[in-house]
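A short worksheet on the structure shown next.
The values are calculated or read from the model by the stated rules, or taken from the named source; none is laboratory data. Being a predicted model, the structure only gives us computed values, none of them experimental. Here the Cβ is made from the backbone with ideal geometry for all residues, glycine too, and neighbour counts use every protein chain on show. SASA here: full protein model, heavy atoms, side chains in, ligands and nucleic acids out. Shrake-Rupley method; radii C 1.70, N 1.55, O 1.52, S 1.80 Å.
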Amino acid sequence: MSVELVLQSVGFDYGRGHRAVDGVDMRLGAGVLGLLGPNGAGKSTLMRILATLAKPSAGQVTWNGHDIAREPNRLRAVLGYLPQDFGVYDALDAREFLGFLAAVKGLAGKAARARIDACLERVGLADTGDRRLGQFSGGMRQRVGIAQALLNDPALLIVDEPTVGLDPDERMRFQHLITDLAGDRLVILSTHIVSDVEASASAIAVMAAGQLRFHGTPGELIARAAGHVWEWTVPEAQLATVRGAHTLVASLRTPDGIRVRVVSEGAPDAHAQPAAPGLQDAYAWLLNGAH
Ligand code: ADP
């Protein structure tokens with residue numbers, strides 16, 4: 001299965017000259033791309049363009065060499081998409097719901113039933129296929145969302161902020177599922193939470209204010225923060241001051257006070273000790289610290 005998605009100077013304008021996506025260039029192959037960025041960065045808009053639900057106002061996207069705006073059906077045939085506002089019909093059970101969507105996608109009969117069973121199995125819902133969706137938890141609904149996105153065994157799987165509203169166990173389960181699904185397809189997962197992609201992403205893209213601020217491996221992003229991560233302990237009363245003066249990545253209560261972790265060009269405090277960077281630090285450094 002050939003997998004090459006190329007974005008060239010992709011831009012999108014909702015009107016009034018406001019660029020929601022601005023000049024994005026990326027070349028993507030098989031693997032999991034974690035698309036990170038704060039709310040409003042332009043992630044959903046970019047995902048809708050890649051899912052052929054919006055046409056770019058500028059630039060071009062090609063799937064295996066074909067312009068997706070001019071020939072959307074080539075991509076749609078191999079696309080799985082879980083939008084941010086995915087809704088299910090509460091009165092249907094998972095099998096009925098997937099059967100409905102399979103029919104919409106042109107899958108029917110025995111082949112559809114076999115495929116639905118395989119997809120339910122894949123997302124760990126094989127035993128719950130006959131229960132009404134109205135009784136499903138948020139995490140189970142999101143897994144139904146993935147199951148419907150997998151119906152056509154997609155070469156490109158796009159999931160937009162899939163962990164919103166999930167509890168920590170469901171979130172972790174979802175992260176494992178995404179890792180399992182990678183294989184020889186391209187999975188693009190957008191989120192504003194770094195830990196959502198920490199385990200699964202083979203590549204990271206970071207967007208802010210419509211622009212692509214980074215695209216590379218997690219290791220490359222982490223390397224940029226080397227020498228800029230610091231830790232020290234402050235009395236609890238000083239936490240607000242530290243937060244106001246520095247980019248705080250984490251704080252941990254200890255018997256001696258609050259252990260703060262900060263990204264900063266140089267030592268932020270006489271007591272600060274250098275720490276080895278992780279993805280969360282690197283993301284904070286890219287967006288708030290690096291100049
Ligand atoms: P993200 O997914 O990273 O949160 P979005 O793509 O949703 O970002 O939004 C990017 C920008 O586009 C934001 O400034 C947002 O307000 C704006 N935007 C998103 N959807 C619309 C819309 N339907 N009409 C006008 N502006 C929009």
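If I go through the range 53-83 residue by residue, how many of them are β-branched (Val, Ile, Thr) and within 16 Å of the ligand (Cβ to nearest atom)? Steps first, please.
Looking only at the range 53-83, we keep the residues that are β-branched (Val, Ile, Thr), and these are 61-62, 68, 78.
Narrowing further to those that are within 16 Å of the ligand (Cβ to nearest atom): 61.
Qualifying residue count for the region: 1.
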*Among what's in the range 1-16 and is open to solvent by less than 40 Å² (accessible area, probe 1.4 Å) and near the ligand (Cβ under 9 Å from one of its atoms), pick the residue that is nearest to Ala209 (Cα to Cα).*
Phe12
*Could you give me the residue pairs with C-beta distances under 6 Å whose first residue belongs to the range 104-128 and is touching a residue at least 40 places away in the same chain (Cβ under 8 Å), whose second residue is part of a helix (DSSP H, G or I) wherever it lies, and which are 6+ apart or on separate chains?*
Val123/Arg143; Val123/Ile146; Val123/Ala147
*Specify which of the listed residues (Gly266, Gly257, Gly219, Gly244) is more than 16 Å from the ligand (Cβ to nearest atom) and either at positive phi or of a type in the set (Asp, Glu) (or both).*
Gly257
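Given the structure, is Thr233 farther than 23 Å from Ala209 by Cα, outside the structural domain of Val206 (by TED's automatic domain parsing) and free of Cβ contacts under 8 Å to residues at least 24 places away in the same chain? Explain how you work it out, then say what you get.
Working: farther than 23 Å from Ala209 by Cα: yes; outside the structural domain of Val206 (by TED's automatic domain parsing): yes; free of Cβ contacts under 8 Å to residues at least 24 places away in the same chain: no.
Against the criterion (farther than 23 Å from Ala209 by Cα, outside the structural domain of Val206 (by TED's automatic domain parsing) and free of Cβ contacts under 8 Å to residues at least 24 places away in the same chain), Thr233 does not qualify.
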*Selection within the range 112-135 - modelled with pLDDT of 90 or more and over 22 Å from Ala182 (Cα atoms)*: Ala112, Arg113, Arg132, Leu133, Gly134, Gln135
*Does Thr45 fit the bill of being outside any helix (DSSP H, G or I) and open to solvent by less than 70 Å² (accessible area, probe 1.4 Å)?*
no
*Look through Arg132, Arg185 and report the one residue that is of a type in the set (D, E, K, R), touching a residue at least 40 places away in the same chain (Cβ under 8 Å) and buried (at least 18 other Cβ atoms within 10 Å of the Cβ).*
Arg185
*Show the residue pairs that are 6+ apart or on different chains and have beta-carbon atoms under 8 Å apart, the first residue being within the range 1-20 and under 15 Å from Pro56 (Cβ atoms), the second being modelled with pLDDT of 95 or more and of a type in the set (Lys, Arg).*
Leu5/Arg27; Val6/Arg27; Leu7/Arg27
*Count of the range 17-36 residues which are assigned to a strand (DSSP E or B), more than 9 Å from the ligand (Cβ to nearest atom) and either over 20 Å from Leu181 (Cβ atoms) or of a type outside the set (A, V, I, L, M, F, W, C) (or both)*: 8
